[in-house]
1. Please work out the Cα center distance from the stretch 188-236 to the stretch 121-176, rounded to the nearest Å.
2. For Cα extents along the principal axes in Å, the choices are [x] 94, 43, 29; [y] 60, 43, 33; [z] 78, 48, 36; which was calculated from the structure?
3. Give a quick list of GluC sites (Glu not before Pro) in the stretch 11-84 that DSSP marks as loop, anything other than H, G, I, E or B, with at most 10 other Cβ atoms within 10 Å.
4. Pop the C-beta distance of ASP43 and GLN134 into the FRET formula with R0 = 45 Å and round what comes out to the nearest 0.05.
5. If you build a Gaussian network model of the chain, linking Cα atoms that sit under 10 Å apart, which residue out of PHE58, PHE80, PHE152 swings the most?
6. Between GLU56 and ASP257, what is the FRET efficiency for a Förster distance of 41 Å, r being their Cβ-Cβ separation, to the nearest 0.05?
7. Build a GNM of the chain with springs between Cα atoms under 10 Å: which of ILE50, ILE227, ILE129 gets the top mean-square fluctuation?
8. Given the pairs LYS127/LYS157; LYS121/LYS157; LYS126/LYS146; LYS146/LYS240; LYS172/LYS255; LYS104/LYS240, which span a C-alpha to C-alpha distance of over 20 angstrom in this model?
Amino acid sequence: MALTNSSDINELLPEKMRALVVTHDVDWPRNGPGLSHVLARRDRFDVNVIRKATEEGFNPYYGIPIVTEIEEQLHIRSTFFFRSNYDDGSTVDGYADTIKDLMKNRWEVGLHVNDPSTIEKIILEKKSIEKVTQSPVSGSRIHYLKVANDTFSNLAKAGLKYDSSLMYSKDKIDSRNTGFTLRGGLVVFPITFMDAYLFTYTGLTEENVAKFVLNAMDSLYTSGAQIITLLWHDSSVMMKGGRAYSNLIRQIADKPDLVFLKAIEAFEMVRKAKKPLN
């Protein structure tokens with residue numbers, strides 16, 4: 001059977017299995033955006049975080065250790081997307097030790113594409129990440145989710161196998177944001193939930209976001225979805241609102257009928273169900 005849309009996911013997973021792909025975008029350089037940036041947004045953090053940033057040079061945007069500690073406790077592995085170049089002029093090399101540690105402990109590292117406008121630019125970014133990983137990078141997500149008509153075909157021609165930059169609706173639960181689709185020879189996993197959108201477009205708070213997501217997940221799974229994709233930025237886990245990640249993921253992990261997947265694992269399920277994909 002040809003796999004062409006999310007409804008075909010029933011061919012990939014055992015009946016009634018429910019899967020969650022957990023992903024994190026690493027938007028900021030290793031040293032963070034700088035103290036002036038943090039202080040201008042001090043209302044996003046509690047006083048102890050601001051004190052550490054001011055007195056100790058602490059970077060509250062570097063949340064990878066917090067994310068991995070939570071996930072390690074729950075025996076979860078997720079996917080982190082890194083940019084090749086950051087806004088302060090630094091490169092992914094600043095994350096070399098972090099990336100090596102992630103890979104050693106079985107987290108996945110993907111490419112957070114800055115500029116998908118040409119195949120050549122994507123290849124350069126991909127090679128920058130692979131110089132650090134010392135292994136091929138399979139998946140991507142576009143920075144700011146800026147997807148154009150030729151984005152997915154460019155990614156595929158640059159050697160990527162899957163992407164997760166598509167989001168049909170930002171302000172409501174949309175079943176189209178589940179499962180997968182095929183675009184330009186690429187497997188695409190739409191983003192079902194993103195932390196930033198939950199706290200802006202959807203208007204949730206730290207206190208009610210977990211209940212909302214859990215209820216929405218139950219509704220989507222009941223309606224036939226089998227793969228849901230969550231994006232939670234590592235830079236948000238010390239912020240008011242974003243701190244809810246720990247509570248949310250622990251409650252999800254309590255569900256006995258749910259399996260956690262890295263994005264590459266979800267891709268492999270698709271690949272095995274239909275060969276070749278292009």
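A short reminder: the numbers here are calculations on the coordinates, not readings from a lab. Everything quoted here is computed from the prediction, not taken from an experiment. When we count neighbours, we look across all protein chains shown, and the Cβ atoms used for this are built from the backbone with ideal geometry, even at glycine.
1. The two parts, judged by their Cα centres, are 20 Å apart.
2. Checking each listed value against the structure points to [y].
3. On the way: sites: GLU11, GLU15, GLU55, GLU56, GLU69, GLU71, GLU72; in loops: GLU15.
Within the stretch 11-84, the qualifying GluC sites (Glu not before Pro) (loop, at most 10 other Cβ atoms within 10 Å) are GLU15.
4. Values: r = 41 Å, r/R0 = 0.92.
Taking R0 as 45 Å, the efficiency between ASP43 and GLN134 is 0.65.
5. So, out of PHE58, PHE80, PHE152, the one fluctuating most is PHE58.
6. So, using R0 = 41 Å, E works out to roughly 0.40.
7. For the chain, modelled as a Gaussian network with Cα springs under 10 Å, the answer is ILE50.
8. Details: LYS127/LYS157 14 Å; LYS121/LYS157 11 Å; LYS126/LYS146 17 Å; LYS146/LYS240 26 Å; LYS172/LYS255 23 Å; LYS104/LYS240 31 Å.
Checking Cα-Cα distances, LYS146/LYS240; LYS172/LYS255; LYS104/LYS240 exceed 20 Å.
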